[in-house]
Amino acid sequence: MLVEGKWTENWQPVQKADEKGRFVRQVSSFRNWITPDGSAGPTGEAGFKAEPGRYRLYVALICPWASRTLIARKLKGLEDLIPVTVLSPVTTPQGWQFGGYPGADKDPLFDATYLHEIYTRADPLFTGRATVPALWDMKRGVMVNNESADILRMFDSAFEHLVPSSLRLYPEDLADEIDALNPRIYDRFNNGVYKAGFASSQEAYEEAVDGVFEVLDELEERLTGNFLFGDRLTETDIRAFVTLIRFDAAYHGLFKTNRRQIADYPRLSAYMARIFRLPGVAETVDMEHIVRGYYSIKALNPTGITPAAPAHVEKLLKQAA
């Protein structure tokens with residue numbers, strides 16, 4: 001990780017743990033917002049106006065947080081406005097790396113080798129891990145934001161005057177309900193699988209696994225329509241989907257969240273497939289990157305053997321090919 005802008009320690013999957021061995025995720029550091037007129041958003045400073053070609057999105061296709069933003073970019077028709085750079089799925093001792101893997105890009109802006117070099121351009125004294133997604137302002141040469149939840153909402157509304165859309169991922173009339181459900185899905189499911197996989201005590205692992213399957217059971221029961229809020233796709237569906245699509249191929253085995261697979265939940269399986277088939281979503285899912293990336297974590301898989309993706313997942317992917 002970086003300490004005051006200097007690389008001091010090789011990448012490790014567990015960033016921090018509490019006194020009971022619970023995995024603690026790093027808090028995002030850059031929280032500026034792109035807005036239609038450049039005014040300040042809910043956090044950060046002003047000066048980031050929505051303009052075509054001004055911003056670049058750094059992602060890794062293994063990462064569910066980055067995939068949230070890729071899906072929103074697709075669904076909102078922002079591909080021509082916001083270019084993307086894809087990093088290698090295999091984390092190195094210095095974290096995310098550019099190029100060196102099929103489907104991974106070289107850094108087009110600074111010819112950097114590692115993502116942490118972009119972070120120290122943004123803040124020469126940055127301390128922490130260089131994470132994806134990261135949204136870079138190519139006009140000002142600064143980091144805008146590295147919090148996926150923020151970027152998801154920016155993509156939903158900030159560019160609406162440039163690319164009008166009838167889809168609203170965070171509609172005003174559902175805002176309170178979305179804001180109530182998102183934290184539970186995040187804490188116990190999106191981040192819950194990581195808390196299980198990176199737990200450093202039996203107590204922390206069992207607590208995390210209980211939470212994961214409590215949420216899965218709740219979502220299975222809730223899904224009486226096409227999406228979590230009836231027949232309207234929202235950001236909450238995107239947030240759920242990115243973990244669902246990775247679950248059976250990665251989390252079930254590597255992270256030991258193995259009481260059941262998503263394949264054992266009829267409604268969730270149909271729901272996952274329904275979102276996958278939305279225009280553009282399949283293009284954001286690279287199962288080879290996902291499986292190879294997760295199983296390259298030496299602390300969890302020291303032999304480096306990469307398993308095949310589950311047959312039902314492969315079938316879904318082939319249907320979109």
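Report whether or not Ser200 is open to solvent by 70 Å² or more (accessible area, probe 1.4 Å), closer than 30 Å to Gly21 by Cβ and not in a helix (DSSP H, G or I). Yes: the conditions hold for Ser200.
When Ala50, Ala60, Ala40 are screened for being closer than 13 Å to Phe155 by Cα and of a type outside the set (Val, Ile, Thr), only Ala50 passes. Report yes if Leu152 is under 15 Å from the mean Cα position of the chain (by Cα), under 21 Å from Ala50 (Cα atoms) and open to solvent by less than 10 Å² (accessible area, probe 1.4 Å), otherwise no. Judged against the criteria, Leu152 is a match. Among the listed residues Thr127, Thr85, Thr92, which satisfies the condition of being of a type in the set (Ser, Thr, Tyr), without any contact (Cβ under 8 Å) to a residue 40 or more places away in the chain and either closer than 26 Å to Asn191 by Cβ or surrounded by 14 or more Cβ atoms within 10 Å (Cβ to Cβ) (or both)? From the options Thr127, Thr85, Thr92, the qualifying one is Thr85. From the list Thr120, Thr69, the lone residue that is crowded, with 23+ Cβ neighbours inside 10 Å, among the polar types (S, T, N, Q) and in contact (Cβ under 8 Å) with a residue 24 or more places away in the chain is Thr69. Confirm whether Thr234 is closer than 22 Å to Pro183 by Cα, in contact (Cβ under 8 Å) with a residue 40 or more places away in the chain and open to solvent by less than 30 Å² (accessible area, probe 1.4 Å). In short, yes.
When restricted to residues that are open to solvent by 10 Å² or more (accessible area, probe 1.4 Å), part of a helix (DSSP H, G or I) and among the hydrophobic types (A, V, I, L, M, F, W, C), segment 155-197 contains 4.
When segment 53-92 is examined, which residues are found to be more than 18 Å from Ala249 (Cβ to Cβ) and β-branched (Val, Ile, Thr)? If the condition is that a residue be more than 18 Å from Ala249 (Cβ to Cβ) and β-branched (Val, Ile, Thr), then Val59, Thr69, Ile82, Val84, Thr85, Val86, Thr92 are the ones that fit. Looking across segment 266-285 at every residue that is more than 14 Å from Ile71 (Cα to Cα) and hydrophobic (A, V, I, L, M, F, W, C), the one that is surrounded by the fewest Cβ atoms within 10 Å (Cβ to Cβ) is identified as Ala270. Thr284 meets the stated requirement of being among the hydroxyl-bearing types (Ser, Thr, Tyr), touching a residue at least 12 places away in the same chain (Cβ under 8 Å), at negative phi and touching a Ser or Thr at 6+ places or on another chain (Cβ under 6 Å).
Assessment of segment 95-113 against the conditions (free of Cβ contacts under 8 Å to residues at least 40 places away in the same chain, open to solvent by 50 Å² or more (accessible area, probe 1.4 Å), assigned to a loop (DSSP other than H, G, I, E, B) and at positive phi) yields at least one matching residue. Within segment 32-59, the set of residues being open to solvent by 60 Å² or more (accessible area, probe 1.4 Å) and either more than 27 Å from Asp107 (Cα to Cα) or at pLDDT below 95 (or both) comprises Pro36, Asp37, Pro42. The set of residues in segment 245-280 that are touching a residue at least 60 places away in the same chain (Cβ under 8 Å) and of a type in the set (Lys, Arg) comprises Arg246, Lys256. Criterion applied to Thr127, Thr113, Thr131 was being out of contact with any Leu (no Cβ under 7 Å at 6 or more places or on another chain) and more than 18 Å from Ala66 (Cβ to Cβ), and the one residue passing it is Thr113.
Selection of segment 213-264 for residues being out of contact with any Asp or Glu (no Cβ under 9 Å at 6 or more places or on another chain), in a helix (DSSP H, G or I) and of a type in the set (Ser, Thr, Tyr) yields Thr243, Tyr251.
Selection of first residues in segment 301-316 that are within 26 Å of Ile275 (Cα to Cα) and of second residues that are surrounded by 15 or more Cβ atoms within 10 Å (Cβ to Cβ) and among the β-branched types (Val, Ile, Thr), restricted to Cβ pairs under 6 Å at least 6 apart or on distinct chains, gives the following pairs, ordered by first then second residue: Ala309/Val291.
The values are calculated or read from the model by the stated rules, or taken from the named source; none is laboratory data. Note that the structure is a prediction, hence the values are computed from the model and not measured. Note that we place each Cβ from the backbone using ideal geometry, even for glycine, and neighbour counts take in every protein chain shown. For accessibility, only protein heavy atoms count, side chains too; no ligands or nucleic acids. Shrake-Rupley method; radii C 1.70, N 1.55, O 1.52, S 1.80 Å.
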